[in-house]
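The numbers here are math on the coordinates, done by the rules we state, and not lab data. The structure displayed is predicted, hence computed values, not measured ones. Cβ placement follows ideal geometry from the backbone for every residue including glycine, while neighbour counts extend to all protein chains displayed.
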Amino acid sequence: MLTLARLVAGFFGCGRFPVTPGTGGSLAALLLGIPLLLLPRWTLLLAILLATLSGLWAVKASGAEDDPGWVVIDEVAGQWIALVGLTGPSPAGLAVAFLLFRLLDVTKLGPIGWADRQHGPLGVMLDDVIAGGATALFLWTLRLVWPGLLD
């Protein structure tokens, strides 16, 4: 069971991405998110729920509660949450979703930083969930203010 937990927490090897594993996990999530954006919206929401719940389990089961670099399931959940702010997989929208999510995840501004300081599986997952939500909100707002920009 420990091996399965480590596979899920590291998103099947993406956590071994050289230099910046979080970016590797986010990039993998972005690429896997493209077909999710082409399917009915509930499939993306189901993927987010699955990634978040399995991430909570995997972090606890693998003993990775201090968020080591190889744990990237949190980035996967957060990046997929960010994609909720898009209507489809346009290159511009995907680029903004990826770059803004990574910026928020790295800088840990506001409540993202607070969540990052929490301990245990919830703390590992929560900062990326909040960063993904903030990114989705930004994308949604940008689409309202500037229609067609991200299409």
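Can you show me the helix-derived [θ] at 222 nm for the chain, built from DSSP H runs with n ≥ 4 at -39,500 (n - 2.57) apiece and divided by the number of residues, rounded to the nearest 500.
Working: 7 runs with 108 residues, N = 151.
For the chain, the value works out to -23500 deg cm²/dmol.
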**Prompt:** Any idea what angle helix 41-62 forms with the longest principal axis of the chain, computed on alpha-carbon atoms, 0 to 90 degrees, nearest 10?
**Reply:** 20
**Request:** Summarise the long-distance tail of P(r) for the stretch 1-148 by giving the % of C-alpha pairs beyond 27 Å.
**Result:** 15
**Prompt:** Once you list every other residue whose beta carbon is under 15 Å from the beta carbon of L27, what net charge do they have if Lys and Arg are +1 and Asp and Glu are -1?
**Reply:** -2
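First check a/c for the stretch 1-67, with a ≥ b ≥ c the square roots of the eigenvalues of its C-alpha gyration tensor; if it is under 1.5, answer rounded, and if not, answer prolate when a/b is larger than b/c or oblate otherwise. Mind showing how you got there, number by number?
On the way: a/c = 2.62, a/b = 1.41, b/c = 1.86.
It is oblate, given that a/c is not under 1.5 and a/b is not larger than b/c.
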**Prompt:** So what J values fall out for the stretch 78-89 if you push phi through Karplus, 6.51 cos²θ - 1.76 cosθ + 1.60 with θ = phi - 60°, rounded to Hz, Gly and Pro as x?
**Reply:** x, 5, 5, 4, 4, 5, 4, x, 9, 9, x, x
**Prompt:** Top mean-square fluctuation among V76, V106, V19, Gaussian network model of the chain, C-alpha springs under 10 Å?
**Reply:** V19
**Asked** Which angle from 0 to 90°, rounded to the nearest 10, does the C-alpha axis of helix 120-145 make with the longest principal axis of the chain?
**Response** 0
**Message:** Apply the Karplus curve 6.51 cos²θ - 1.76 cosθ + 1.60, θ = phi - 60°, to the phi angles in the stretch 18-24 and return the couplings in whole Hz, x for Gly and Pro.
**Reply:** x, 6, 10, x, x, 5, x
**Request:** Give, as a single signed number, the net charge of other residues whose beta carbon lies under 14 Å from the beta carbon of A97, with Lys and Arg counted +1 and Asp and Glu -1.
**Result:** -2
**Request:** Distance between Cα centroids, the stretch 92-150 to the stretch 8-38: provide it in whole Å.
**Result:** 16
**Complete:** Highest GNM mean-square fluctuation among W140, W114, W80, for the chain with Cα springs under 10 Å, belongs to W114
